[in-house]
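The structure under discussion is supplied below as structure tokens; questions concerning it will follow.
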Amino acid sequence: MSGHGTPIPMTSTACGPLAGTAKVPGDKSISHRSLILGAMCIGKTTIEGLLEGQDVLDTAKAMRAFGAEVTDHGGGSWSVVGVGDGGFAEPENVIDCGNSGTGVRLIMGAMATSPIVATFTGDASLNGRPMARVTDPLALFGCQAVGRKGGRLPMTLVGAETPVPVRYTVPVPSAQVKSAVLLAGLNAPGQTVVIEAEATRDHTERMLAGFGAEIAVEDTDAGRVITLTGQPELKPQHIEVPRDPSSAAFPVCAALIVPGSDVLVPGIGLNPTRAGLFTTLREMGADLTYENERIEGGEPVADLRSKFSPDLKGIEVPPERAASMIDEYPVLSVVASYAQGDTVMRGVKELRVKESDRIDAMAVGLRANGIEVQDGPDWWIVSGKGHGNVAGGALCASHLDHRIAMSFLILGMASQNPVRVDDGGPIATSFPIFEPLMQQLGAQVVRTNK
Ligand code: S3P
């Protein structure tokens, strides 16, 4: 299902109102970090609500290969008995991270300052993605990397024997790069400092503090300055993983475009570094409300109610919001197709190096379904048709990218003709219950033979 297997073609046909409650799975970013940080401390970390998507399962397998005892107790309940900071064992075999950029980049950081050798690989999507953005800063700690041309996987890392702390300014807005440096800094003596010009998701910082590390964050003119004191004694935790806002985006957006819909998506993490899509949708005229707002595990959480929104308008999305909704642009472009006027998205170069080139994948598929899209290196503009006017009818390539597959299936829920995707298999990487959950709301999403 992770893209290694036989393609699973799927079709989405316009449906009646979507209604009911959509309980989406646990947050992918927090799930990876729970397993990795659990493996980096001595003792037993317990996790409730872990996302059991293939990406996270691959990270669980990797943590076992580095010596941690990872146990699935059923129903999203997991435990990790860690080996301690700097205690990773050398894996006996290649670490296969499947489709997951977060998995491989965070794990590279976590092992980079231990005196061990590990070789990483992934599927065709992951093996095409840039890794130098992580191995360059890890080299400053004393970790060596040898990979394929262009810094691609498969790649072997030789961890530093005597790591030194690092001061590093992240050159691209990337929480994966920031996190890899911080995880490497855990086993270096002294203070590791990471500076990011643009704030990206801060789960690693919050969780490191929760695990007992000394970490300080300061907002300065140069950006966020994060200072981590190395070689802390991390203490095992109990973690309740909030539901994933990036998965919530799919039922939320579907309800906005399917006439008559009213869907409740409960318990969604609304950390400001993740919630940019919901702000954007409201600016477009979405009938999207936050109910029962509360704090859970130190994170803002709310139940989202999303209703059919007849008057959606295209807007210019502020580029400074990009990092807080980076994974949501594909599904935003679907909502934009049903809005009146242009939706302008700038400052989104990073979309070109995700599981696929997401600007290209969406632009090609939307055009085939009758939507006008213009695009450049770091921008794209979707010219909306308004409700009832999206033709649909095309077969779209998912490019081994879960969010591309799900976005086109959402497009088909209100288009004049069914929308097909060539392979829905990758959906299992992040949202394994997407199909039954959307069907239970009333969507007509089915597997097809062509
Ligand atoms: C993630 C960071 C983002 C995001 C990815 C998850 C994370 O990637 O796209 O899905 O958990 O740190 P970048 O760091 O490449 O922006």
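Compare Asn99, Asn127, Asn417 in a GNM of the chain, Cα atoms joined below 10 Å, and give the one with the largest fluctuation.
Largest GNM mean-square fluctuation: Asn417.
Further question on the same structure: What distance in nm separates the simple spin-label points at Lys235 and Glu90, each placed 7 Å from Cα in the Cβ direction?
It is 3.5 nm.
Can you tell me the FRET efficiency between Thr13 and Leu264 if r is taken as the Cβ-Cβ distance and R0 is 22 Å, rounded to the nearest 0.05?
Working: r = 24 Å, r/R0 = 1.08.
Taking R0 as 22 Å, the efficiency between Thr13 and Leu264 is 0.40.
Ok, one more. Be a star and scan segment 298-329 for residues whose amide nitrogen sits under 16 Å from the point 7 Å along the Cα-to-Cβ vector of Gln374.
From segment 298-329, the list is 314-317.
So if I place +1 on the C-beta of Lys and Arg and -1 on the C-beta of Asp and Glu, and nothing else carries charge, what would the dipole magnitude of segment 48-91 be about its Cα centre? I want it in debye, nearest 20.
I would put it at about 80 debye.
Give me the mean projected area, in nm² to one decimal, of the convex hull enclosing the Cα positions of segment 278-320. Please list the in-between numbers first.
Values: hull surface 15.4 nm².
Result: 3.8 nm².
Quick one: pull the percent of accessible area on segment 1-127 belonging to carbon and sulfur, 1.4 Å probe, ligands and nucleic acids left out.
Values: 2020 of 3910 Å².
Heavy-atom surface of segment 1-127 belonging to carbon and sulfur, 1.4 Å probe: 52 percent.
A further question follows. Checking the cross-link filter: which lysines have an alpha carbon closer than 30 Å to that of Lys44, excluding same-chain neighbours under 8 positions apart?
Lys23, Lys28, Lys61, Lys178, Lys235
Rolling a 1.4 angstrom probe over the protein chains, ignoring ligands and nucleic acids, what is the accessible area of His399 in square angstrom, nearest 10?
So the heavy atoms of His399 present about 100 Å² to solvent.
Hey, another quick one. Based on the Kirkwood radius over alpha-carbon pairs, what is the Stokes-Einstein translational diffusion coefficient of the chain at 37 °C with 0.692 mPa s viscosity, in µm²/s?
For the chosen part, D equals 149 µm²/s.
Which residues in segment 41-56 place their backbone N less than 19 Å from a point set 7 Å from the Cα of Lys23 along the Cα-to-Cβ direction?
Under cut-off, by backbone N: 47-53.
As an exercise, identify the GluC sites (Glu not before Pro) in segment 205-286 lying in DSSP coil whose Cβ has no more than 15 other Cβ atoms within 10 Å.
Answer in residue order: Glu214, Glu233.
While we're looking at this one, here's another question. About the Cα centre, and with charges only on the beta carbon of Lys, Arg (+1) and Asp, Glu (-1), how big is the dipole of segment 300-450? Nearest 20 debye, please.
So the magnitude is around 340 debye.
Could you quote the convex hull projected area for segment 349-450, Cα atoms only and averaged over all directions, in nm²?
Its Cα hull, projected and averaged over all orientations, spans 6.4 nm².
So which aspartates and glutamates pass the test for Lys385, namely a Cα distance under 15 Å, with those fewer than 8 places away in the same chain ruled out?
Asp311, Asp342, Glu372
Keeping all protein chains in place, calculate the accessible area per residue for the chain (probe 1.4 angstrom), answer in Å².
35 Å²
Go through Val70, Val81, Val446 and list them by solvent-accessible area, largest first, probe radius 1.4 Å. Mind showing how you got there, number by number?
Details: Val70 10, Val81 50, Val446 70 Å².
Of Val70, Val81, Val446, the descending order of accessible area is Val446, Val81, Val70.
Can you tell me which aspartates and glutamates have their Cα less than 18 Å from the Cα of Lys149? Leave out same-chain residues fewer than eight positions away.
Candidates past the 8-residue exclusion: Asp123, Asp136.
Moving on. Gain in length, Lys349 to Val146, computed as 0.36 nm per residue apart minus the alpha-carbon separation, to one decimal in nm?
Stretched fully, the Lys349-Val146 segment lengthens by 70.5 nm.
Here's another thing I want to ask about it. Might you report the magnitude of the Cβ-based charge dipole of the chain about its Cα centre, with Lys and Arg at +1 and Asp and Glu at -1, to the nearest 20 debye?
Computed charge dipole of the chain: roughly 740 debye.
Tell me the relative contact order for segment 284-397 as a rounded percent, counting alpha carbon contacts under 8 Å between residues six or more apart. Provide the component values of the computation, followed by the final result.
Working: 198 pairs, mean separation 26.9, N = 114.
It comes to 24 percent, rounded to a whole number.
The values are calculated or read from the model by the stated rules, or taken from the named source; none is laboratory data. All figures in this text were calculated on a predicted structure; none of them were measured in a lab. Here the Cβ is made from the backbone with ideal geometry for all residues, glycine too, and neighbour counts use every protein chain on show. Surface areas here come from the heavy atoms of the whole protein model, side chains and all, with no ligands, DNA or RNA. Shrake-Rupley method; radii C 1.70, N 1.55, O 1.52, S 1.80 Å.
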